[in-house]
2 protein chains.
Amino acid sequence: MDRIINFKKKPSIVSTYTVCGPKESQGNLANYIDQKIYDDYDKQPSFELAERKMLTCAIDRAVKKSKVFKNDIGAYVGGDLLNQIISSSFTAREFVFPFLGVYNACATMVESMIVGGILVDGGYIDNVVCATCSHFSTAERQYRFPVEQGTTRPAQSQWTVTGAGANVISNKQGGIRLISAVIGRVVDYGVVDANNMGAAMAPAAADTLYDFFVCNGKKEKEYDLIITGDLGALGSRILKDLLLKKGIDISFNHVDCGELIYNIDEEEYQGGSGAGCSAIVFNSYIYKKMIKGEYKRILLVTTGALLSTTSTQQGESIPGIAHLIEIVAE
Amino acid sequence: MDRIINFKKKPSIVSTYTVCGPKESQGNLANYIDQKIYDDYDKQPSFELAERKMLTCAIDRAVKKSKVFKNDIGAYVGGDLLNQIISSSFTAREFVFPFLGVYNACATMVESMIVGGILVDGGYIDNVVCATCSHFSTAERQYRFPVEQGTTRPAQSQWTVTGAGANVISNKQGGIRLISAVIGRVVDYGVVDANNMGAAMAPAAADTLYDFFVCNGKKEKEYDLIITGDLGALGSRILKDLLLKKGIDISFNHVDCGELIYNIDEEEYQGGSGAGCSAIVFNSYIYKKMIKGEYKRILLVTTGALLSTTSTQQGESIPGIAHLIEIVAE
């Protein structure tokens with residue numbers, strides 16, 4: 001089956017905006033991120049409200065930068081890691097935009113851009129805002145342990161990024177444009193360690209990338225960057241090994257948002273993760289480099305681990321998914 | 001802003017399949033539902049696995065009935081009420097279909113059909129399967145209290161439907177066709193009672209229906225049925241009142257899936273709810289009546305309450321959303 005979705009009119013990403021937390025503000029990409037918060041609470045009474053504030057800010061500013069009137073945004077497509085994607089739903093309440101809630105864990109940024117992209121490309125809507133976020137402290141207490149408990153972290157673990165990223169996709173011509181996409185399949189190699197997400201998601205990224213190259217005959221060498229979402233250092237190695245076995249060598253142009261975002265020290269181990277990780281890295285660093293012409297053709301592949309605390313408690317392994325979008329600077 | 005999404009090629013719903021639980025098997029629509037389970041566990045070790053089994057069955061049979069080869073299903077679009085939509089994600093693992101996880105609570109069925117519909121209508125994919133589900137016992141223990149606790153239920157409460165419904169949307173011509181859609185906005189009138197979902201969702205349904213009629217000039221009288229998802233008896237009254245104040249009278253052709261599904265007795269109070277409610281009612285009763293020509297033009301408006309246990313515990317009110325799809329039998 002041909003899994004490639006071709007954007008016929010090649011919609012443009014006309015603006016982006018990113019907000020990040022204290023730790024990300026000291027990371028490698030700090031200079032590219034539009035706005036920083038210097039405390040996990042950011043003057044809110046709960047971490048959840050701080051997360052929502054970041055997301056609201058990212059969407060509001062991305063729309064302002066796009067110069068599209070709020071009334072002309074035909075849809076907001078997005079999701080997040082909290083149960084029932086409340087960060088996104090309650091953020092949607094603050095705007096007049098029609099809302100499509102989506103969820104594929106940390107693959108949500110590209111999932112949103114695929115759905116938003118076809119809404120624009122198909123001529124159904126002129127302008128769509130796509131956004132997602134995550135917050136270290138809301139994710140830790142929902143998925144693992146309350147931060148206050150001071151639990152130690154194993155070496156294969158990653159650090160959930162505190163941050164939000166948004167972009168506006170529009171039917172305007174030129175600029176940074178969507179070319180094609182692949183919707184991910186759910187792939188499960190039987191990894192059961194909820195601290196080892198990179199290993200759980202790498203096979204899904206390999207499945208998506210392999211089918212992308214095989215279905216449309218394009219070569220890995222054609223891309224300035226092949227960017228995965230949050231495989232981390234270990235997951236990235238697994239992905240490269242899996243693809244190399246099938247004759248695809250991405251060792252020279254692969255980067256991982258999770259590896260890029262922090263100056264990796266002992267605390268973050270394998271690097272960043274969370275829906276906000278790829279949302280921040282793409283919408284700040286990558287997008288700005290594309291605008292400058294430093295990167296011309298990229299593949300953005302966000303990866304998600306589709307577990308819940310219930311599925312883990314019931315002994316399930318961790319299924320992974322990876323969505324791909326091909327983006328070109330004109 | 002014109003909120004109408006017009007399907008240009010009018011994709012067809014070529015097949016549906018529904019599975020329901022013990023209580024639904026004794027309800028008004030039992031004869032229309034394709035398959036019944038007679039025990040909440042259905043021979044599975046957990047309620048969650050029973051829910052997943054229903055969903056897997058609905059998708060598998062809907063695809064079989066469509067006579068589309070599994071390899072030619074380009075995407076599965078769906079979600080459910082469990083945290084991180086695990087019923088859908090783990091079901092997607094069982095199939096080769098690319099997966100887009102979506103979540104708008106009990107509005108998920110029409111949300112899936114809008115996303116699936118534009119994928120097909122825009123020419124990106126030839127065949128899409130859309131599905132959702134819910135299960136009384138998994139929902140009760142996640143959102144309220146474990147069933148074993150025997151908590152009493154207030155008069156305004158609804159009963160989460162145990163069931164799953166799936167349909168295949170295809171680029172074939174004729175039959176039951178998608179005409180247009182409206183993506184819902186998040187509307188919050190400040191309802192804080194998590195047992196009174198109907199009241200929380202009715203304003204969103206009114207917002208979507210009002211804009212549908214105003215934007216495209218169609219009249220409520222043109223439709224054989226205007227079907228809401230799970231407002232229940234109380235929420236339906238609120239919706240009709242809200243619309244009547246704006247000059248739209250749907251009293252003669254409105255039905256609510258939550259009101260239809262049970263022979264309402266004291267236990268279910270306001271009727272059924274849950275993502276599976278509209279999924280079952282539309283994909284069994286309504287679809288089969290449309291195939292027979294008994295209903296020719298309908299509006300299906302599924303409604304969702306976008307709360308979580310965290311948002312409720314943190315004192316938030318309940319935002320609602322309602323997605324609309326216009327369907328015509330040719």
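Quick look at the numbers
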| quantity | calculated |
| --- | --- |
| Residues that are of a type outside the set (Lys, Arg) and buried (at least 24 other Cβ atoms within 10 Å of the Cβ), drawn from segment B:49-62 | B:GLU51, B:MET54, B:LEU55, B:ALA58, B:ILE59, B:ALA62 |
| Residue tally, condition more than 18 Å from B:THR138 (Cβ to Cβ), at the interface with another protein chain (Cβ under 9 Å from one of its Cβ atoms) and either assigned to a loop (DSSP other than H, G, I, E, B) or open to solvent by 10 Å² or more (accessible area, probe 1.4 Å) (or both), over segment B:70-92 | 4 |
| Matching residues in segment B:111-127 - criterion: being over 17 Å from the mean Cα position of the chain (by Cα) and more than 10 Å from chain A (Cβ to nearest Cβ) | B:VAL120, B:ASN127 |
| Count of segment A:15-33 residues which are in contact with a helix residue (DSSP H, G or I) (Cβ under 7 Å, 6 or more places away or on another chain) and open to solvent by 20 Å² or more (accessible area, probe 1.4 Å) | 3 |
| Any hit, segment A:99-110, residues being farther than 20 Å from A:GLY274 by Cβ and crowded, with 24+ Cβ neighbours inside 10 Å | yes |
| Residue that is nearest to A:GLY232 (Cα to Cα) [pool: residues in segment A:150-202 that are among the charged types (D, E, K, R) and in contact with a Ser or Thr (Cβ under 8 Å, 6 or more places away or on another chain)] | A:ASP188 |
| Number of positions in segment A:299-314 that are open to solvent by 30 Å² or more (accessible area, probe 1.4 Å) and without any contact (Cβ under 8 Å) to a residue 40 or more places away in the chain | 3 |
| Residues within segment A:93-108 that are more than 7 Å from chain B (Cβ to nearest Cβ), over 16 Å from the mean Cα position of the chain (by Cα) and assigned to a strand (DSSP E or B), tallied | 0 |
| From B:ALA233, B:ALA322, B:ALA275, residue being hydrophobic (A, V, I, L, M, F, W, C) and either open to solvent by 10 Å² or more (accessible area, probe 1.4 Å) or over 23 Å from A:PHE97 (Cβ atoms) (or both) | B:ALA233 |
| Given (1) crowded, with 23+ Cβ neighbours inside 10 Å; (2) in contact (Cβ under 8 Å) with a residue 40 or more places away in the chain, index of the condition B:LYS296 fails | (1) |
| Within segment B:33-69, tally of residues that are of a type in the set (D, E, K, R) and in a loop (DSSP other than H, G, I, E, B) | 6 |
| A:SER317, sole failed condition from (1) assigned to a loop (DSSP other than H, G, I, E, B); (2) surrounded by 24 or more Cβ atoms within 10 Å (Cβ to Cβ) | (2) |
| Options A:TYR223, A:TYR189: the member that is open to solvent by less than 10 Å² (accessible area, probe 1.4 Å) and either within 14 Å of chain B (Cβ to nearest Cβ) or over 15 Å from the mean Cα position of the chain (by Cα) (or both) | A:TYR223 |
| Segment A:236-272, residues that are open to solvent by 10 Å² or more (accessible area, probe 1.4 Å) and among the small types (Gly, Ala, Ser) | A:GLY247, A:SER251 |
| Residue within segment B:7-14 that is more than 13 Å from chain A (Cβ to nearest Cβ), open to solvent by less than 10 Å² (accessible area, probe 1.4 Å), more than 30 Å from A:GLN314 (Cα to Cα) and not β-branched (Val, Ile, Thr) present | yes |
| Residues of segment A:139-165 classified as in contact with a Gly (Cβ under 8 Å, 6 or more places away or on another chain) and of a type in the set (A, V, I, L, M), total | 3 |
| Yes/no for B:ARG3 being touching a Gly at 6+ places or on another chain (Cβ under 8 Å), charged (D, E, K, R) and either buried (at least 22 other Cβ atoms within 10 Å of the Cβ) or within 14 Å of another protein chain (Cβ to nearest Cβ) (or both) | yes |
| Out of A:SER112, A:SER137, sole residue that is touching a residue at least 12 places away in the same chain (Cβ under 8 Å), of a type in the set (Ser, Thr, Tyr) and over 20 Å from B:ILE114 (Cβ atoms) | A:SER137 |
| So B:ALA233, is it farther than 20 Å from B:ASP249 by Cβ, of a type in the set (Gly, Ala, Ser) and at pLDDT below 90 | no |
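The values are calculated or read from the model by the stated rules, or taken from the named source; none is laboratory data. Note that the structure is predicted; figures quoted are calculated from it, not measured. Note that each Cβ is placed from the backbone with ideal geometry, even for glycine, and that neighbours are counted across all protein chains shown. Just the protein is used for accessible areas: all its heavy atoms, side chains included, with ligands, DNA and RNA removed. Shrake-Rupley method; radii C 1.70, N 1.55, O 1.52, S 1.80 Å.
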